[in-house]
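In what follows, a structure is listed as structure tokens, so that the remarks can point back to it.
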There are 2 protein chains.
Amino acid sequence: MTEIASDSTFLAETTNLLGRTPLVLQALLSSLPASWTDTPDTPDGWRPRDVVGHLITGELADWMARTNRILEHGSSKAFDRFDRFAMLDRDRDRSLDDLVAQFASLRAANLRALAALGLGDADLDCVGLHPSLGEVTLRNLLATWSVHDLDHTGQIYAGLAGSHDAAVGPWKVYLGILLRRNDPAAVAR
Amino acid sequence: MTEIASDSTFLAETTNLLGRTPLVLQALLSSLPASWTDTPDTPDGWRPRDVVGHLITGELADWMARTNRILEHGSSKAFDRFDRFAMLDRDRDRSLDDLVAQFASLRAANLRALAALGLGDADLDCVGLHPSLGEVTLRNLLATWSVHDLDHTGQIYAGLAGSHDAAVGPWKVYLGILLRRNDPAAVAR
């Protein structure tokens, strides 16, 4: 597909993407009417507020904790597991705007902490131990942090689109983002 | 899923979403390194620049042209078809940043033109004729404009993620946005 970039470039380009996600979420979601934001991506899926809550959990418990685990313990101590559904109770009484603002604050702090580590090329090859996946590198972890952002932001788009499933009328047959909510195998764009 | 809002609310909330797309694309794509932006969403799909070009075509040839067609001719004159692939030649020599800026400019002009129509509730029930789908309302058209934004922005996310398919290593099995590029039926999140 694409060659993996040299390490210093890789780190700069990964943090470049990571720094954009809060800006995108603010542009997309801040003060957006609830008629857009109350629908999950799939019938038993997540609403935009649930997705942002999940991203908050990642900032609190996952990415930097695992980065530090790799640097301190290598593969001798597996990562702690984290609760993919922690937000459902934790954030029940928070507004979506509050959650977006909290995510932005946590992400900024984590990017400062990552920069403060002063990672060099050799560090990115350090190996850690995922409790299910086995050995992974720090480079894998940082790339996954950014692609996880992209995956879940895409999930927000599916929920937003789903809120207007009825309103598009006959056009639904051309809108893959709606068809895939009902049948993930639907490919139409 | 969600009840269709009253018309004046519907129009305000639809234009609210439409106004955000240029801001999201600027936050996500402006000056983003090419290592992120050179990969299509699927093997024979579109790179982010192709998607933005397709959105530009919509602003030039589709949404407002069809709005005006409905208001002027109702269902007596079908919409003109438009070229889904017009951007592949037209935008060949443009930078992604240029395309994002052009889209923002066209979208702003179209939202001004839409507001200048002063649409009332009855207008949204006006019926037009789609060359393949048959009768559609102006409300359907405007809702589709916004969901089309969401669909194609999601496509940009898939391309960005795909550029880092190799870099995530073992984590790919958890990243639905990557799995679906290879197999649309893959559901994992």
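Remarks
- Checklist (1) within 7 Å of chain A (Cβ to nearest Cβ); (2) under 23 Å from A:D165 (Cα atoms); (3) within 17 Å of the chain's Cα centre (by Cα) applied to B:L141, failing item: (1)
- Residues that are touching a helix residue (DSSP H, G or I) at 6+ places or on another chain (Cβ under 6 Å) and open to solvent by 50 Å² or more (accessible area, probe 1.4 Å) within the range B:103-122 comprise just one, B:D121.
- Any hit, the range B:146-161, residues being over 26 Å from A:V173 (Cα atoms), within 7 Å of chain A (Cβ to nearest Cβ) and of a type in the set (V, I, T): no
- B:A143 falls short of the stated requirement of being farther than 27 Å from A:P170 by Cα, modelled with pLDDT of 95 or more and part of a helix (DSSP H, G or I).
- Any hit, the range B:80-92, residues being within 14 Å of chain A (Cβ to nearest Cβ), over 21 Å from A:L160 (Cα atoms) and more than 16 Å from the chain's Cα centre (by Cα): yes
- Meets criteria (under 20 Å from A:L141 (Cα atoms) and in contact with a His (Cβ under 7 Å, 6 or more places away or on another chain)) for A:L111: no
- Test: residue in the range B:15-26 that is facing chain A (nearest Cβ under 8 Å), touching a Pro at 6+ places or on another chain (Cβ under 9 Å) and in a loop (DSSP other than H, G, I, E, B): no
- Selection of first residues in the range A:124-147 that are within 21 Å of A:L17 (Cα to Cα) and in contact (Cβ under 8 Å) with a residue 12 or more places away in the chain and of second residues that are open to solvent by less than 30 Å² (accessible area, probe 1.4 Å) and small (G, A, S), restricted to Cβ pairs under 6 Å at least 6 apart or on distinct chains, gives the following pairs, ordered by first then second residue: A:A143/B:A167.
- Of all the criteria given as (1) touching a residue at least 24 places away in the same chain (Cβ under 8 Å); (2) within 12 Å of another protein chain (Cβ to nearest Cβ); (3) crowded, with 22+ Cβ neighbours inside 10 Å, the one not satisfied by A:L99 is (2).
- Filter result for the condition that a residue is without any contact (Cβ under 8 Å) to a residue 60 or more places away in the chain and either hydroxyl-bearing (S, T, Y) or open to solvent by 30 Å² or more (accessible area, probe 1.4 Å) (or both), over B:D50, B:D93: B:D93
The values are calculated or read from the model by the stated rules, or taken from the named source; none is laboratory data. Nothing here was measured: the structure is a model prediction, and the numbers come from that model. All Cβ positions, even for glycine, are placed from backbone atoms using ideal geometry, and neighbour counts span all protein chains on display. What goes into the accessible areas is simple: the full protein's heavy atoms, side chains included, and nothing from ligands, DNA or RNA. Shrake-Rupley method; radii C 1.70, N 1.55, O 1.52, S 1.80 Å.
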